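Notes follow the structure.
The values are calculated or read from the model by the stated rules, or taken from the named source; none is laboratory data. On a predicted model such as this, the values are computed, not experimentally measured, just so you know. Neighbour counts run over all protein chains shown; Cβ positions are idealised from the backbone, glycine included. Side chains included, ligands, DNA and RNA excluded: accessible areas come from the protein's heavy atoms. Shrake-Rupley method; radii C 1.70, N 1.55, O 1.52, S 1.80 Å.
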Amino acid sequence: MNHDVGNSYILSSEFVDRLSNKFELTVTHHDLVNEPLEHFNQTEMLAWMTPEAQRNSEQKSLANLSDNLIKEVQQSDVLVIGLPMYSFGVPSQFKAWMDRIARAGVTFKFTEQGPVGLIANKKVIVLAARGGIYACTDNDS
(Lines give C-alpha, C1' and ligand atoms only; values in the text may rest on other atoms or scores of the structure.)
Protein backbone atom coordinates (compact mmCIF):
# COMPACT_ATOMS: atom_id res chain seq x y z
CA MET A 1 0.00 0.00 0.00
CA ASN A 2 1.24 3.45 -0.85
CA HIS A 3 1.80 5.25 2.48
CA ASP A 4 0.49 8.58 1.20
CA VAL A 5 -2.99 7.11 0.98
CA GLY A 6 -2.82 5.60 4.46
CA ASN A 7 -5.28 6.95 7.01
CA SER A 8 -2.69 8.43 9.35
CA TYR A 9 -0.93 10.21 6.46
CA ILE A 10 -4.19 11.61 5.09
CA LEU A 11 -5.40 12.65 8.54
CA SER A 12 -2.18 14.38 9.60
CA SER A 13 -1.75 16.10 6.21
CA GLU A 14 -5.29 17.46 6.33
CA PHE A 15 -4.80 18.64 9.92
CA VAL A 16 -1.56 20.48 9.11
CA ASP A 17 -3.13 21.99 5.97
CA ARG A 18 -6.03 23.35 8.01
CA LEU A 19 -3.67 24.78 10.64
CA SER A 20 -1.60 26.38 7.87
CA ASN A 21 -4.75 28.06 6.50
CA LYS A 22 -5.48 29.60 9.91
CA PHE A 23 -1.99 30.43 11.15
CA GLU A 24 1.35 31.42 9.70
CA LEU A 25 3.42 28.29 10.16
CA THR A 26 6.83 26.97 9.40
CA VAL A 27 6.38 23.23 8.91
CA THR A 28 9.13 20.64 9.13
CA HIS A 29 7.94 17.34 7.72
CA HIS A 30 9.57 13.97 8.38
CA ASP A 31 8.38 11.06 6.28
CA LEU A 32 9.68 8.12 8.26
CA VAL A 33 8.38 5.68 5.67
CA ASN A 34 10.18 7.11 2.63
CA GLU A 35 13.13 8.37 4.69
CA PRO A 36 13.40 5.89 7.55
CA LEU A 37 15.94 6.18 10.31
CA GLU A 38 18.05 3.12 10.93
CA HIS A 39 17.06 1.18 13.99
CA PHE A 40 18.76 2.41 17.13
CA ASN A 41 21.79 0.46 18.36
CA GLN A 42 24.48 0.41 21.00
CA THR A 43 27.06 2.07 18.72
CA GLU A 44 24.88 5.16 18.49
CA MET A 45 24.24 5.27 22.23
CA LEU A 46 27.96 4.99 22.90
CA ALA A 47 28.55 7.90 20.50
CA TRP A 48 26.32 10.08 22.70
CA MET A 49 28.21 8.99 25.80
CA THR A 50 31.62 9.77 24.30
CA PRO A 51 32.76 13.33 25.08
CA GLU A 52 32.33 15.47 21.96
CA ALA A 53 36.05 16.25 21.62
CA GLN A 54 36.90 12.53 21.66
CA ARG A 55 34.35 11.35 19.06
CA ASN A 56 35.58 9.82 15.83
CA SER A 57 33.88 10.79 12.54
CA GLU A 58 31.28 7.98 12.76
CA GLN A 59 30.41 8.95 16.35
CA LYS A 60 30.09 12.61 15.36
CA SER A 61 27.71 11.70 12.55
CA LEU A 62 25.60 9.46 14.80
CA ALA A 63 25.42 12.06 17.58
CA ASN A 64 24.59 14.84 15.08
CA LEU A 65 21.56 12.91 13.86
CA SER A 66 20.08 12.78 17.35
CA ASP A 67 21.19 16.32 18.22
CA ASN A 68 19.47 17.74 15.12
CA LEU A 69 16.22 15.87 15.78
CA ILE A 70 16.24 17.12 19.38
CA LYS A 71 16.87 20.71 18.23
CA GLU A 72 13.84 20.46 15.94
CA VAL A 73 11.68 19.38 18.85
CA GLN A 74 13.11 22.08 21.12
CA GLN A 75 12.47 24.78 18.52
CA SER A 76 8.93 23.61 17.71
CA ASP A 77 5.82 25.04 19.30
CA VAL A 78 3.62 22.13 18.23
CA LEU A 79 4.42 18.58 17.15
CA VAL A 80 1.85 16.86 14.95
CA ILE A 81 2.41 13.13 14.70
CA GLY A 82 0.48 11.03 12.18
CA LEU A 83 0.75 7.58 13.70
CA PRO A 84 -0.59 4.35 12.28
CA MET A 85 -1.06 1.54 14.76
CA TYR A 86 0.29 -1.87 13.70
CA SER A 87 -0.28 -5.07 15.65
CA PHE A 88 -1.33 -3.12 18.77
CA GLY A 89 1.78 -0.95 18.73
CA VAL A 90 3.60 1.84 16.95
CA PRO A 91 5.64 1.27 13.78
CA SER A 92 9.35 0.63 14.22
CA GLN A 93 10.09 3.78 12.17
CA PHE A 94 8.43 5.90 14.88
CA LYS A 95 10.27 4.02 17.61
CA ALA A 96 13.58 4.76 15.84
CA TRP A 97 12.72 8.50 15.92
CA MET A 98 11.69 8.35 19.60
CA ASP A 99 14.89 6.51 20.53
CA ARG A 100 16.87 9.47 19.20
CA ILE A 101 14.93 12.22 20.91
CA ALA A 102 14.60 10.48 24.29
CA ARG A 103 18.09 11.08 25.69
CA ALA A 104 18.90 10.97 29.36
CA GLY A 105 20.38 14.25 30.54
CA VAL A 106 19.25 16.04 27.37
CA THR A 107 15.47 15.61 26.99
CA PHE A 108 14.74 13.89 30.31
CA LYS A 109 16.42 13.12 33.60
CA PHE A 110 16.01 10.43 36.20
CA THR A 111 14.85 11.46 39.67
CA GLU A 112 13.85 9.60 42.81
CA GLN A 113 10.24 9.91 41.60
CA GLY A 114 11.09 8.54 38.14
CA PRO A 115 11.92 10.15 34.80
CA VAL A 116 11.17 13.87 34.35
CA GLY A 117 11.03 15.67 31.00
CA LEU A 118 13.46 18.51 30.30
CA ILE A 119 11.55 19.96 27.33
CA ALA A 120 8.62 22.05 28.53
CA ASN A 121 5.70 23.93 27.01
CA LYS A 122 5.32 21.78 23.91
CA LYS A 123 1.99 20.78 22.47
CA VAL A 124 2.02 17.31 20.96
CA ILE A 125 -0.92 16.25 18.83
CA VAL A 126 -1.01 12.56 17.95
CA LEU A 127 -3.37 11.62 15.13
CA ALA A 128 -3.54 7.84 15.37
CA ALA A 129 -5.17 5.61 12.80
CA ARG A 130 -5.72 1.89 12.75
CA GLY A 131 -7.55 -0.65 10.66
CA GLY A 132 -10.01 -3.26 11.78
CA ILE A 133 -12.63 -3.33 14.49
CA TYR A 134 -11.59 -3.79 18.10
CA ALA A 135 -13.67 -4.76 21.12
CA CYS A 136 -14.66 -1.97 23.54
CA THR A 137 -14.41 0.81 20.93
CA ASP A 138 -16.97 3.03 19.26
CA ASN A 139 -17.11 0.47 16.44
CA ASP A 140 -18.44 -2.16 18.84
CA SER A 141 -21.92 -3.42 17.96
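Summary of values
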{"item": "Estimated distance in nm for a label pair at Y86 and I119, the labels positioned 7 Å out from Cα along Cα-to-Cβ", "result": "2.3"}
{"item": "Accessible-area composition of the chain, carbon plus sulfur, in percent [1.4 Å probe]", "result": "51"}
{"item": "Residues E112 and L19, FRET efficiency given R0 of 35 Å [Cβ-Cβ distance, rounded to 0.05]", "result": "0.35"}
{"item": "Gaussian network model of the chain, springs between alpha carbon atoms under 10 Å - residue of A120, A96, A129 with greatest fluctuation", "result": "A120"}
{"item": "Cα shape, the range 41-87, gyration tensor, a/c 1.5 rule", "result": "oblate"}
{"item": "Label assignment, P(r) over Cα pairs in 10 Å bins from 0, in percent derived from the structure, set (i) 11, 36, 27, 9, 5, 5, 5, 3, 1; (ii) 12, 43, 36, 9, 0; (iii) 9, 33, 33, 19, 5, 1, 0", "result": "(iii)"}
{"item": "Amide H contacts of L79 (H built 1.01 Å from N, under 5 Å, at least 5 apart or other chain)", "result": "K123, V124, I125"}
